1. Is it the case that segment 151-158 has a residue that's closer than 16 Å to residue 79 by Cβ, at pLDDT 95 or above and either in the same structural domain as residue 48 (by TED's automatic domain parsing) or assigned to a strand (DSSP E or B) (or both)?
2. What residue, of 336, 387, 325, 347, is modelled with pLDDT under 95 and farther than 30 Å from residue 184 by Cβ?
3. Please go through (1) in contact with a strand residue (DSSP E or B) (Cβ under 8 Å, 6 or more places away or on another chain); (2) surrounded by fewer than 18 Cβ atoms within 10 Å (Cβ to Cβ) for residue 288 and return the number of the only condition it doesn't satisfy.
4. So which residues in segment 167-183 are surrounded by fewer than 17 Cβ atoms within 10 Å (Cβ to Cβ) and part of a helix (DSSP H, G or I)?
5. Starting from residues that are part of a loop (DSSP other than H, G, I, E, B) and touching a residue at least 40 places away in the same chain (Cβ under 8 Å), keep the ones in segment 107-132 and report whichever is surrounded by the most Cβ atoms within 10 Å (Cβ to Cβ).
6. Show the residue pairs meeting these rules: Cβ distance below 6 Å; 6+ apart or different chains; first residue within segment 299-317 and touching a residue at least 60 places away in the same chain (Cβ under 8 Å); second residue surrounded by fewer than 17 Cβ atoms within 10 Å (Cβ to Cβ) and part of a loop (DSSP other than H, G, I, E, B).
7. Tell me, please, whether a residue that is assigned to a loop (DSSP other than H, G, I, E, B), surrounded by 19 or more Cβ atoms within 10 Å (Cβ to Cβ), touching a residue at least 12 places away in the same chain (Cβ under 8 Å) and touching a helix residue (DSSP H, G or I) at 6+ places or on another chain (Cβ under 7 Å) can be found in segment 380-396.
């Protein structure tokens, strides 16, 4: 009897293993049909929104950028980007397509503003050679973060994340009238040092880089991570990735920004309270140890460099060093020929003044007296640029040194800010 039961069981298993699985009761369409239906649904959703979409893209390294998209049903998309003042107000049209690449995916397939962030070419976006800002222009749809009014996307190569949110009619008007550039009016304040004052009582010195905002601590230092945040452009203002504390107030962003050309101030709203951002020539607290740190850093680094020369009155490379034949960078070379340091323009030839820096006690400054000597001979075509550069370098009151980044994943950087004119500075990095 036992042998009989074993034989029956074996026969049943054999028959069952030969039977084809019928999944028609689970899915009424094939996998290809379901994928096509998903792509069509996304196509209809993207192109069917007459007010377009607001995109918030977070790169793999944490940078945040705002986009405006208006998709049509002919695989064309109109776009704005918060990357710079031009892309924030100038609509560009390019192509896109939806495609099945393991998952339903959205591909921006001709060069556009969204490609700028991922561009690996040095100088295009300020990112590293080969990686750019570590972003994407091909995304797969993330159903876990998609709702009726929102579409979640994940970058296929770098894993950057983007959320598209339906625009309101007011958003549509704001994007199309240039309000995405509103937050860039902070650049109308030409002094290096900016002070934010909330409700007339709470204040702090504010520093804005390309993608970060930092508040100075009690010593004037900008490197306290609790006082730093990534910022991004919003319609008419700035948003922060994390709130910052100004006195007793919390600052999660800045809205309703308006520039007054007469006073040079920006009025705004912060946390529902009136605020002002104003230019200041002298920081609330000078970092007294920064010049010594900077000089030690230059010596340990052998030399440090600046790509853009002096910034002045809102103009990068104000003296035109980048126009010189064969220009590579401007170099600070400590103890190039004892007792002299060198500040050299590295172009078709290398030349620059020989200097002996001094550090007046308890001032937080470095001063460069004119030694009367120089290394190398500038070509005649560089005479005008070189004369302006020397005159600025030797200004008698010297410079504050402001450290803006320190090692780790970032290069070390210092900004050397003119004491006589806080609208003039040069950035050194290694």
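The values are calculated or read from the model by the stated rules, or taken from the named source; none is laboratory data. Keep in mind that this is a model prediction, so the values were computed, not measured. Because the Cβ atoms are built from the backbone with ideal geometry, glycine has one as well, and the counts that use them run over all protein chains shown.
1. yes
2. Numbers: 387 fails: modelled with pLDDT under 95; 325 fails: modelled with pLDDT under 95; 347 fails: modelled with pLDDT under 95.
Residue meeting the stated conditions: 336.
3. Residue 288 satisfies all of (1) in contact with a strand residue (DSSP E or B) (Cβ under 8 Å, 6 or more places away or on another chain); (2) surrounded by fewer than 18 Cβ atoms within 10 Å (Cβ to Cβ) except (1).
4. Narrowing segment 167-183 to residues surrounded by fewer than 17 Cβ atoms within 10 Å (Cβ to Cβ): 168-170, 173, 177-178.
If the condition is that a residue be surrounded by fewer than 17 Cβ atoms within 10 Å (Cβ to Cβ) and part of a helix (DSSP H, G or I), then 169, 170, 173 are the ones that fit.
5. We begin by selecting, within segment 107-132, every residue part of a loop (DSSP other than H, G, I, E, B); these are 109-112, 119-127, 129-131.
Now narrow it down to the ones that are touching a residue at least 40 places away in the same chain (Cβ under 8 Å): 125-126.
Working: 125: 20, 126: 12.
Among those that are part of a loop (DSSP other than H, G, I, E, B) and touching a residue at least 40 places away in the same chain (Cβ under 8 Å), it is 125.
6. Pairs found: 301/430; 304/430; 308/316.
7. Filtering segment 380-396 down to residues assigned to a loop (DSSP other than H, G, I, E, B) leaves 394-396.
Remaining after also requiring surrounded by 19 or more Cβ atoms within 10 Å (Cβ to Cβ): none.
Checked segment 380-396: no residue is assigned to a loop (DSSP other than H, G, I, E, B), surrounded by 19 or more Cβ atoms within 10 Å (Cβ to Cβ), touching a residue at least 12 places away in the same chain (Cβ under 8 Å) and touching a helix residue (DSSP H, G or I) at 6+ places or on another chain (Cβ under 7 Å).
Yes or no, residue by residue, for (1) surrounded by 22 or more Cβ atoms within 10 Å (Cβ to Cβ); (2) touching a strand residue (DSSP E or B) at 6+ places or on another chain (Cβ under 6 Å); (3) in contact (Cβ under 8 Å) with a residue 12 or more places away in the chain; (4) closer than 18 Å to residue 163 by Cβ:
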position	(1), (2), (3), (4)
55	no, yes, yes, yes
58	no, yes, yes, yes
64	no, yes, yes, yes
67	yes, yes, yes, yes
74	no, no, no, no
81	yes, yes, yes, yes
86	no, no, no, no
92	no, yes, yes, no
100	no, no, yes, no
